[in-house]
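*Asks:* Take this structure, written in structure tokens, and hold onto it; I'll ask about it next.
The values are calculated or read from the model by the stated rules, or taken from the named source; none is laboratory data. As the structure is a prediction and not an experimental result, all values here were calculated from the model. Positions of Cβ are backbone-derived with ideal geometry, glycine not excepted, and every protein chain shown enters the neighbour counts. Protein only, heavy atoms only, side chains kept; ligands, DNA and RNA dropped before computing areas. Shrake-Rupley method; radii C 1.70, N 1.55, O 1.52, S 1.80 Å.
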Amino acid sequence: MGVPEGCFTCRQEARGVEAAPWEAIAGDRYWRVAHAVGAGMVGWLVLVPRRHVTTIAELTDDEAAALGSWQVRLSRALQEATGCVKTYVAQFAEAEGYAHVHFHVVPRPPGLDAEQRGPGIFAAALGQSPGVPEAEMDALALRLRVLLGG
């Protein structure tokens, strides 16, 4: 099956082994972990299904079962790698070109201003230009690979 037109996630998935470390941090047969594009904080991850789906209801039972495990594993690895006090997990998949289901797994650092906590984190740290440099995303990706046993 080809890549759905306009789907950033499917285009990145099709790159496979050519992907930079930040784009292929870890994964299994159902899910791939990448650093979010345009994130204003290092460690903002996205957990994406390997096949094209646009709603959570489209996930298979096996994909759903693996999802929970990935969210916990990523939260633990981010806590170790970044020193965050907790992680936020959210799913919207509404932006143009990003309708492919993806779960944001976001490290909430200590000392974050109250208005930037919870949903405020999106305004504070996503869609930033230029975002986290690729070298920093790659360095974290390699550390996370070790922590995730990959």
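*Asks:* Are there any pairs with C-beta distances below 7 angstrom linking a residue in segment 29-55 that is farther than 17 Å from Leu142 by Cα to a residue that is charged (D, E, K, R) and crowded, with 18+ Cβ neighbours inside 10 Å, with the two at least 6 apart or on different chains, and if so which?
*Replies:* Filtered contacts from segment 29-55: Tyr30/Glu63; Val48/Arg32; Pro49/Glu63; Arg50/Glu13; Arg50/Arg32.
*Asks:* Hey, another quick one. So which residues in segment 75-86 are open to solvent by less than 40 Å² (accessible area, probe 1.4 Å) and either more than 18 Å from Glu136 (Cβ to Cβ) or in contact (Cβ under 8 Å) with a residue 60 or more places away in the chain (or both), if there are any at all?
*Replies:* Hits for segment 75-86 are Ser75, Ala77, Leu78, Ala81.
*Asks:* Evaluate the following for Ser75: is it in contact with a Ser or Thr (Cβ under 8 Å, 6 or more places away or on another chain) and not in a loop (DSSP other than H, G, I, E, B)?
*Replies:* yes
*Asks:* Quickly run through segment 87-120 and pick out the residues that are touching a Lys or Arg at 6+ places or on another chain (Cβ under 7 Å) and either surrounded by fewer than 15 Cβ atoms within 10 Å (Cβ to Cβ) or assigned to a loop (DSSP other than H, G, I, E, B) (or both).
*Replies:* Matches in segment 87-120: Arg117 only.
*Asks:* Tell me the residue from Ala64, Ala57, Ala123, Ala139 that is part of a helix (DSSP H, G or I) and within 16 Å of Val42 (Cβ to Cβ), please.
*Replies:* Ala139
*Asks:* Right, next: Exactly one condition in (1) open to solvent by 20 Å² or more (accessible area, probe 1.4 Å); (2) on the phi > 0 side of the Ramachandran plot is not met by Gly43; state its number.
*Replies:* The number of the failed condition is (1).
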